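Every read-out reported here was derived from the displayed coordinates using simple, explicitly stated rules and does not represent laboratory data. A quick note: this is a predicted structure, and the numbers were derived from the prediction, not measured. All Cβ positions, even for glycine, are placed from backbone atoms using ideal geometry, and neighbour counts span all protein chains on display.
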Amino acid sequence: VPDTAAATLGRAMSGRTPTRSIVALSIGGCGSAAALRICDPLLPYLAREYDVGLAAAAQTVTAFAIAYGLLQLAYGPIGDRYGKYRVVTIATIGCALTTLACAVAPTLPALVAARAFAGATAGALIPLSLAWIGDVVAYERRQSVLARYLIGQMFGIALGQVLGGIGADRFGAGPVFLALAAWFAVAAVLMGRYAPASEEAVHHGGRGVVRRFLAVLDVRWSRVVLLTVFVEGLLLVGALAFVPTHLHRVYDLPLTAAGAIVMLYAAGGFVYAVLSPVLVRRLGEPGLAAGGGVLLTLCFVGLAMRTTPAVAAIACLAGGLGFYMLHNTLQVNATQMAPAQSGSSLALFACILFLGQSSGVTLAGTLIERVGTGPVIAGAGVLLLVVALVFALALRRHRA
């Protein structure tokens, strides 16, 4: 398989940061993250609207996440062949159309199908944007540029929760999806306006792509990282998807207010972005993973207890910080778990993560109908601590 990494890095070292293009990509990434989370506060509304249980309504979350995760594997080679920025732009146009289809879906099965297509198009935006930034930004500037790009993703998580809550309380699902479709349309226009003058495509054979994925799985540390991120996604998102519903039931909050509290989870990501230099220096990677697990446990156990909305808000903020401490440690290791196959490593990492998330939402929805939201959220928190501590120990041994 031809490797043009050195040539790409040489071009990145000599060029200036394409700020406007990256801002356009960040706006698209914001929409992608919002689309992923927008149905969480809508679940009680959808259950009432279609006269189904929460598990059935949660198919709108599951369908999106499965398609989002599976298509990660395809978009890497497609981006290499036709140009990453170009593919992201086309996929963003697709996001506008598929989200519009969600807005006009007449039945729950139609909405689930539309959400699957929406996930398939949204799956290209964040991974290929990160890969394109890696191609065009010099290494010494890359970390700070990526941090700024990811602000869009963090804001998108919050935006999705708030939009979904507003729809559940006031306007219904249709207008919410229309607003998100308009967001994608604006992002696509900006991407086209600030597209790079030229973009080199790299042609890989299909067998070469398969060999790259197999090479990643052949590394023992790769399997450890991938298994950990699968379980993390299963537990974390499985519980997080039902936190707005839990807050609505326990405190009788409007779903808009419940979504706003969960929005503080994304704010925890901003706290991590500010504190990360100090945290990395003082804790190291194993300490970050273990500390993140502790904060996530405190978050979910605190949410499960019947305290006050203020405590729930603090718990969400702490949980967001804990998530980024743990997940960023996993993500950094994903870039190095098979250095010769870094692109395939990240594609496989993203795919496994979202398969875990989609499985978690289905499992949590089924359990919640039997035991309620509190025990499921608390149980996920305790298990996340176990996962984080085991990974921290494995990471310490791997580094040694």
Scattering profile of region 261-318 from the Debye formula, Cα beads only, expressed as log10 I(q)/I(0) at q = 0.14, 0.23, 0.24, 0.26 Å⁻¹, is -0.41, -0.91, -0.95, -1.03
Can you give the FRET efficiency for ARG170 and ALA74, using 1/(1 + (r/R0)^6), R0 = 56 Å, r = Cβ-Cβ distance, to the nearest 0.05? 0.90
Cβ crowding within 10 Å averaged over residues, with 149-159, 316-326, 381-391 ranked highest first: 316-326, 149-159, 381-391
Need one number: nm distance between label points at VAL382 and VAL210, each 7 Å from Cα along Cα→Cβ, rounded to one decimal. 4.5
Stretched fully, the stretch from VAL371 through VAL104 gains (0.36 nm per residue minus C-alpha distance, one decimal, in nm) 92.7 nm
Report ³J(HN,Hα) in whole Hz for each residue of region 34-46, in order, from the Karplus equation J = 6.51 cos²θ - 1.76 cosθ + 1.60 where θ = phi - 60°; Gly and Pro get x. 5, 4, 5, 9, 5, 7, 4, x, 7, 4, x, 4, 5
Kirkwood hydrodynamic radius for region 232-333: how many Å is it when counted over pairs of different Cα atoms? 13.7
Each label sits 7 Å from Cα toward the beta-carbon; between VAL274 and ALA182 the label points are separated, in nm, by 3.2
Output the peptides 19-30, 228-239 sorted from most to least packed, where packing is the average of other Cβ atoms within 10 Å over each peptide's residues. 228-239, 19-30
Calculated from backbone phi, Karplus (6.51, -1.76, 1.60) coupling profile of region 376-386 in Hz, x at Gly/Pro: 5, 5, 5, x, 4, x, 5, 5, 5, 4, 4
How much length is gained if the chain between THR19 and THR307 is pulled fully straight, taking 0.36 nm per residue apart and subtracting their Cα-Cα distance, in nm to one decimal? 99.2 nm
Order 176-186, 99-109, 270-280 from most to least packed using the mean count of other Cβ atoms within 10 Å. 176-186, 99-109, 270-280
What length, rounded to one decimal in nm, is gained on full extension from LEU389 through to VAL332, with 0.36 nm per residue of separation minus their alpha-carbon distance? 18.8 nm
For region 150-300, compute Rh as the Kirkwood radius over C-alpha pairs and then the Stokes-Einstein diffusion coefficient at 37 °C and 0.692 mPa s; write the answer in µm²/s, rounded to an integer. 170
What are the residues whose amide H is under 5 Å from the amide H of VAL52, where those residues sit 5 or more places off or on another chain and H is modelled from the backbone? none
Between region 152-196 and region 239-283, the Cα center-to-center distance that results, in Å: 19
Long-range tail of P(r) for the chain (Cα pairs > 39 Å, %): 13
Distance (nanometres) between label positions extended 7 Å along Cα→Cβ at TYR82 and GLU49: 3.1
